[in-house]
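Worksheet: the structure to be examined is printed underneath.
The values are calculated or read from the model by the stated rules, or taken from the named source; none is laboratory data. Note that the structure is predicted; figures quoted are calculated from it, not measured. Virtual Cβ from ideal backbone geometry, glycine too; neighbours counted across all protein chains shown. For the accessible areas, the whole protein counts, side chains as well, though only heavy atoms, and no ligand, DNA or RNA atoms are used. Shrake-Rupley method; radii C 1.70, N 1.55, O 1.52, S 1.80 Å.
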Amino acid sequence: MKIVVLGAGQVGATIVEALHEDHQVTVIDLDAARLQSISYRYDVRTVKGNGATRRVLQEAGIDRAALMIACTSRDEINLVAATLAKKLSDTQTIVRTSNPEYLEAWQERQIEVDFMVSSELETARAVSQTIGVPAAKQTDVFADGQVQIVEFDVPSAGATTDAFDHVVGLQLKEATIPADSKVASIIRGDRVLVPRGDESILPGDRIIVIGSPDAAREWGTIVGRRDQAFDDVVIFGAGATGLEIARVLLNQRIRVRLVESREERAREVAEELPGARVYHATGVDTDFLERERIGLASAAVFAMREDSKNLYAAMLAKVHGIGFTIGIVHEPASVEVFERAGIDVAVNPRSVTAEEIVRFAHDPRIRQLAMLEGDRFEILDITVRETSKLVRTPFKSLPMTGSLIGAIVRDATVIFPHGEDQLEPGDRAIIFTESRRVAEVEKAL
C-alpha cells in the first residue's frame, strides 16, 4: 500500500516505524533535519514542504496513495491537508487532532475526512484502563471490553501471597493460572520466551497476558499486590489532556479532584465539570497537599505540560502518601526515567495516538490493534476468512509459530480457547504476535 504521512515528529516517526516494512511510505515535513533522521532509519521517501498545499501533496504522489495520515502537532494544517487530499485523489484520510470541537464536528459529519483521532481522548482511555488494573504497566481492552491485554512486571522480591507462590516459579502446566486467561509472552531481559507448558514465570520477568477483565484483575492481585478499588483520583494539570482524563473517569463514577495552577483555567474547568472538585494550586505546594489530604487519594495522574514538573510532583505526592501514580510524558526518553524513579505507569500521548492510527493501514479485517514494548509486539483483532487453512482445525493441532490466539469472538460471545476448540469462518481472533510477523498472520487468517 502507498501511504503518505504528513508530519515527521514523534507520532509520525512511530507510525513510519510500524509501517515502513510492509508499505511504500512517503513522509512530508517542513523540517529537513527530521526528514533526514527518518530517512536514515527507514527505507522511506521524503518530501520537504508544506503538506497543506497542492504542489507538495502532488509531489508526494497523493494521487497514487491509498492512505494519507495527517499527524502534525497543528490541527488546522492536518485538516487542510486531508481535505485537499480528498479533492485531489480517492485516498483515505486520517487526521490527528487535539481539539475536542473538531472531533465532535467530525462525528456529526461536518468535517469531510474519513477518520479522526484525538490524542487527549486516547490518553484518557489509556489512563482509565490502567486504573482498572493498577498493577499493569500497560493495558488495552478488546471486543467491547470483554477481552483485556495486560502487561505486568513480576516483582523480584517481597511477594509472599499464596496466589503468587502458586504461579511464579512453577512450570506453567503446573501453575494455578487464573481461568479465562493465557500467558502470551514472557520477556526475560532481552529474551522473549514462548510460554509453553514447561516454561516458568520468574521474579523479574515481564509478562503479557490475554484474558477476561476478571482474570486481568486476578493477575494484578497475583503479581502486583494491588487489589483495592480506585474510587478517588487526583489529577494534576487541567489542560486539554487532564480535562479529558477527568471527563472519562467521571463517566466511570470515580471521584475526581483537579489541581490547576492557572486561576482562570481552574475557574473554566470548574464550570465545565461540575462533578469534579477543582483546586487553584500547584502540585508542589506541600501545605496544600497536607491541608487537602491529597495523600489519602487512591491514585494520582500528573498531566502538566512539562515532564520535569510531572516527575517532581509525582515523587512529592508519593512522599505524602499517594500509593499509585500515573505520569503523562511528552518525550520518549522520559518513560524509562519515570519508571526508574518509581512512578508506577508512564503514558505517552503520542505513542497511544500513533497506535490508534496505525491500525488503519493494516488489513481492513482488523477491527482493533495494540502495540506493546515499543512496537515490538502487536495484538490484532482480525476476522477469519472462509478460505483460511486454519479453520476447523483443533487448536492443539495448529502449528507453533510464536503467535498466540488468546481469545475468539463468535456471535458477540467471547471464547477463551482450549485444545479442542476450533476457528470458524467469521470468528474474530484476538492474536498476540511479533510486529514483524503481522503480515504472515494476516495472510494465514
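Data for the structure
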{"quantity": "Per-region count, region 398-407, residues without any contact (Cβ under 8 Å) to a residue 24 or more places away in the chain and either open to solvent by 70 Å² or more (accessible area, probe 1.4 Å) or among the charged types (D, E, K, R) (or both)", "calculated": "1"}
{"quantity": "Boolean, Ile379 is in contact with a Phe, Trp or Tyr (Cβ under 6 Å, 6 or more places away or on another chain), touching a residue at least 40 places away in the same chain (Cβ under 8 Å) and not charged (D, E, K, R)", "calculated": "yes"}
{"quantity": "Test result for Leu390, in contact with a Leu (Cβ under 6 Å, 6 or more places away or on another chain), modelled with pLDDT under 90 and not hydroxyl-bearing (Ser, Thr, Tyr)", "calculated": "yes"}
{"quantity": "Strands (runs of 3 or more DSSP E) wholly inside region 246-322 containing at least 2 residues that are touching a Lys or Arg at 6+ places or on another chain (Cβ under 8 Å)", "calculated": "255-260, 277-280"}
{"quantity": "Residue tally, condition in contact (Cβ under 8 Å) with a residue 40 or more places away in the chain, open to solvent by 20 Å² or more (accessible area, probe 1.4 Å) and assigned to a helix (DSSP H, G or I), over region 72-90", "calculated": "1"}
{"quantity": "Subset of region 289-306 that is in contact with a Gly (Cβ under 7 Å, 6 or more places away or on another chain) and closer than 18 Å to Val127 by Cβ - its residue that is surrounded by the fewest Cβ atoms within 10 Å (Cβ to Cβ)", "calculated": "Arg305"}
{"quantity": "Per-region count, region 423-445, residues free of Cβ contacts under 8 Å to residues at least 60 places away in the same chain and either aromatic (Phe, Trp, Tyr) or within 18 Å of Gly211 (Cα to Cα) (or both)", "calculated": "5"}
{"quantity": "Qualifying position, being farther than 21 Å from Ala143 by Cα and surrounded by 13 or more Cβ atoms within 10 Å (Cβ to Cβ), among Arg410, Arg376, Arg385", "calculated": "Arg376"}
{"quantity": "Residue tally, condition over 19 Å from Asp214 (Cα atoms) and touching a residue at least 24 places away in the same chain (Cβ under 8 Å), over region 165-191", "calculated": "8"}
{"quantity": "Close pairs (7 angstrom Cβ cut-off, 6 or more residues apart or separate chains): over 17 Å from Asp114 (Cα atoms) in region 357-372, assigned to a helix (DSSP H, G or I) and at pLDDT below 75 anywhere", "calculated": "Leu369/Arg359"}
{"quantity": "Qualifying residue in region 249-268 (condition: under 15 Å from Ser128 (Cα atoms), among the hydrophobic types (A, V, I, L, M, F, W, C) and open to solvent by 30 Å² or more (accessible area, probe 1.4 Å))", "calculated": "yes"}
{"quantity": "Exclusive hit being in contact with a strand residue (DSSP E or B) (Cβ under 7 Å, 6 or more places away or on another chain), closer than 23 Å to Gly9 by Cβ and at pLDDT 85 or above, set Val117, Val147, Val154", "calculated": "Val117"}
{"quantity": "Qualifying position, being under 30 Å from Glu17 (Cβ atoms) and either more than 16 Å from the chain's Cα centre (by Cα) or open to solvent by 40 Å² or more (accessible area, probe 1.4 Å) (or both), among Thr353, Thr325, Thr286, Thr282", "calculated": "Thr325"}
{"quantity": "Residue match in region 157-177 (condition: outside any loop (DSSP other than H, G, I, E, B), modelled with pLDDT under 85, surrounded by 22 or more Cβ atoms within 10 Å (Cβ to Cβ) and hydrophobic (A, V, I, L, M, F, W, C))", "calculated": "no"}
{"quantity": "Which listed residue, of Phe142, Phe115, is touching a residue at least 60 places away in the same chain (Cβ under 8 Å), surrounded by fewer than 19 Cβ atoms within 10 Å (Cβ to Cβ) and within 25 Å of the chain's Cα centre (by Cα)", "calculated": "Phe115"}
{"quantity": "Residue within region 132-145 that is touching a Cys at 6+ places or on another chain (Cβ under 6 Å) and outside any helix (DSSP H, G or I) present", "calculated": "no"}
{"quantity": "Unmet requirement for Leu316, which otherwise passes all of (1) more than 30 Å from Arg410 (Cβ to Cβ); (2) of a type outside the set (Asp, Glu); (3) open to solvent by less than 20 Å² (accessible area, probe 1.4 Å)", "calculated": "(3)"}
{"quantity": "Helices (runs of 4 or more DSSP H) wholly inside region 1-71 that include at least 2 residues being closer than 23 Å to Asp114 by Cβ, touching a residue at least 40 places away in the same chain (Cβ under 8 Å) and in contact with a strand residue (DSSP E or B) (Cβ under 7 Å, 6 or more places away or on another chain)", "calculated": "10-19"}
{"quantity": "Per-region count, region 178-234, residues open to solvent by 50 Å² or more (accessible area, probe 1.4 Å), more than 27 Å from Ile245 (Cβ to Cβ) and in a loop (DSSP other than H, G, I, E, B)", "calculated": "10"}
{"quantity": "Within region 192-218, tally of residues that are closer than 14 Å to Phe377 by Cβ and either basic (Lys, Arg) or over 18 Å from the mean Cα position of the chain (by Cα) (or both)", "calculated": "5"}
{"quantity": "Condition check for Glu151: of a type outside the set (Gly, Ala, Ser), surrounded by 15 or more Cβ atoms within 10 Å (Cβ to Cβ), in contact (Cβ under 8 Å) with a residue 60 or more places away in the chain and assigned to a helix (DSSP H, G or I)", "calculated": "no"}
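For (1) among the aromatic types (Phe, Trp, Tyr); (2) at pLDDT below 85, each residue gets a yes or a no:
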residue	(1), (2)
Pro195	no, no
Ile201	no, no
Val209	no, no
Pro213	no, no
Thr221	no, yes
Arg226	no, yes
Ala229	no, yes
Phe236	yes, no
